[in-house]
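No value in this document is a laboratory result; all are computed from the given coordinates. Here the structure is a predicted model, which means the values were calculated and not measured. Note: ideal-geometry Cβ built from the backbone for every residue, glycine included; neighbour counts use all protein chains shown.
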Ligand code: AMP
Ligand code: ZN
């Protein structure tokens, strides 16, 4: 039997996003358990190439901790800002900052979210249509 205190500790850590979500592809990428072309990492986030790029440059910036989507209760507002700062840095590194780039966060089915670990798409290197499809 697992003691109640241990269960409570694990649940607390899970709620705080400190525990890797079982079976989450992007948690596995962040933990380097799944191969990806990493472009940047720090203590809060990881940036890597999208496996199925929708533009000449298509990078994903994800938080290390598991957050399913913007529908989650996100207390760490600074983390969201950090993801965008890193998105801008990626755009500069890929030299799409001057021509232009798009940052996208899809939330839930109708927006096209397929991976339920929050991620910022950074897309560029071609002309983008507006409004988005
Ligand atoms: P979304 O549809 O907004 O949830 O975006 C998910 C993105 O993750 C898609 O653009 C996928 O091509 C990409 N993707 C899925 N699995 C992987 C992976 N293992 N490595 C890199 N990108 C991935
Ligand atoms: Zn995850």
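Counting only alpha carbon atoms, the long axis of helix 77-93 and the longest principal axis of the chain meet at about 40°. Residue exposure proxy: 39, 83, 9, ordered by other Cβ atoms within 10 angstrom of their Cβ from fewest to most, comes out as 9, 39, 83.
Available extension along the chain between residue 110 and residue 75 is 10.1 nm, counting 0.36 nm per residue and deducting the alpha carbon span.
Across the stretch 4-124, the volume of the C-alpha convex hull divided among the residues equals 114 Å³ per residue. In terms of surrounding Cβ atoms within a 10 Å radius of their Cβ, 24, 45 rank from fewest to most as 24, 45. Look at where the Cα atoms of the stretch 93-125 and of the stretch 47-61 average out, and the two centres are 8 Å apart.
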